[in-house]
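See structure below.
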Amino acid sequence: MSELNLILLGPPGSGKGTQGERLQEDFHLPYYATGDILRAAVQDGTELGVTAKRFMDDGGLVPDEVIIGVIAARIEGPDSADGFILDGFPRTIGQAEALAEEMAKLGRSLTAVVLIETDDDEVQRRLGGRRTCAKNGHIFHVDFDPPKNEDVCDVCGARLVVRDDDKPAVIAKRLETYHAQTEPLVDFYEEKGLLKRVDGSLSPDDVGDRIRALLATLRLEEEL
Ligand code: AP5
C-alpha cells in the first residue's frame, strides 16, 4: 500500500486505543487519538483543555470547530506523509466531511475505516474495569488484561488510574452520544465502500489479528 490512512471507529470501550497502540507498533505510523490529545490539553490547562473539559466530563462531544483544526494540523504535518491512524476522529458527520475536504486538499484518500463492533453491555463491563497508565497511557483491564501488580504499569512502573469519564453515569451518557452522533458514520463510510467490520467481542489478540488480516487483504487487492 502506498500509504495507510486508517480510521478506528467504534463505541467507547470497543478497544480502539488497545488496537491503535498495536497498529502503531506494527506500521510505525503516527497515531492520533483525539481523546488522548484532549486529556493532555486538560492536564496542561491550555485553552483547548479548558474548553474540552466541560464537554468531556458530561460524556458529550467537544464542538466540531474545536477539534477539526487539531486533527487537520497533524495530518498536514510531515510526520503523516506515509499515513496515519486516527482513533476517536471523526465522531460526527460534520467532522467526517471536514476530514474528506482536508484529504482532497492534500490529494490523498482514506485507506479504510475499521469498525470495532461491541455491544453496550460489554462496553459497561470494559470501561468499569479499565485502568490507564498515568505516564505512558498504556491500557489495562482488571479482569481482561490485568497488570502483573495491582495498579502498577507493567511497562514503566508508573501508577494506574481510573479515567474521570469512566464513572457509570458518564459511561451511559457517552454511549448515548455515540449512538446519536457517531453511529451515523457507519452508513456514511459504508456507502463510500471504506467500512471494514471487526468483531470486537473477541480477545484483544484476536481482534488485532483480524485487523492485520483485513489490512493485508487490502494490500493484496491494491497490488492486483
Ligand atoms: P476517547 O478517549 O476517544 O473515548 P472513547 O471513544 O469513549 O473511547 P475509549 O478511549 O473510552 O475506549 P477505546 O475504544 O479506546 O477502548 P480501550 O482500548 O481503552 O474520548 C474521550 C472524550 O473526548 C469523548 O467522550 C469526547 O468528549 C471527547 N472527544 C474525543 N474525540 C472527540 C471528537 N472527535 N469530537 C468531539 N469530542 C471528542 O478499551 C477499553 C477497556 O477494555 C480497556 O480496559 C481494555 O483493556 C479492555 N479491552 C480492550 N479490548 C478488549 C477485548 N477485545 N476484550 C476484552 N477487553 C478489552
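Some values worked out for this structure:
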quantity	calculated
Counted residues, the range 42-59 - those being loosely packed, with under 15 Cβ neighbours inside 10 Å and outside any helix (DSSP H, G or I)	3
The listed residue being surrounded by fewer than 18 Cβ atoms within 10 Å (Cβ to Cβ), within 14 Å of the ligand (Cβ to nearest atom), of a type outside the set (Gly, Ala, Ser) and in contact (Cβ under 8 Å) with a residue 12 or more places away in the chain, out of Ile85, Ile93, Ile116	Ile93
Criterion (at pLDDT 95 or above, touching a strand residue (DSSP E or B) at 6+ places or on another chain (Cβ under 9 Å) and either surrounded by 14 or more Cβ atoms within 10 Å (Cβ to Cβ) or among the acidic types (Asp, Glu) (or both)) met by exactly one of Asp145, Asp187	Asp187
Test: Ile68 is among the β-branched types (Val, Ile, Thr) and within 12 Å of the ligand (Cβ to nearest atom)	yes
Subset of the range 60-107 (residues that are acidic (Asp, Glu) and in a helix (DSSP H, G or I))	Asp64, Glu65, Glu76, Asp79, Glu97, Glu101, Glu102
Residue count, the range 193-224 (criterion: in a loop (DSSP other than H, G, I, E, B), within 16 Å of the ligand (Cβ to nearest atom) and exposed (fewer than 12 other Cβ atoms within 10 Å of the Cβ))	1
Odd one out for Gly128 among (1) at pLDDT 95 or above; (2) within 10 Å of the ligand (Cβ to nearest atom); (3) over 19 Å from Gln19 (Cβ atoms); (4) out of contact with any Ser or Thr (no Cβ under 9 Å at 6 or more places or on another chain)	(1)
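The values are calculated or read from the model by the stated rules, or taken from the named source; none is laboratory data. Given the structure is predicted, the values throughout are model-derived calculations rather than measurements. Glycine also receives a Cβ, built like all others from the backbone with ideal geometry; neighbour counts cover every protein chain displayed.
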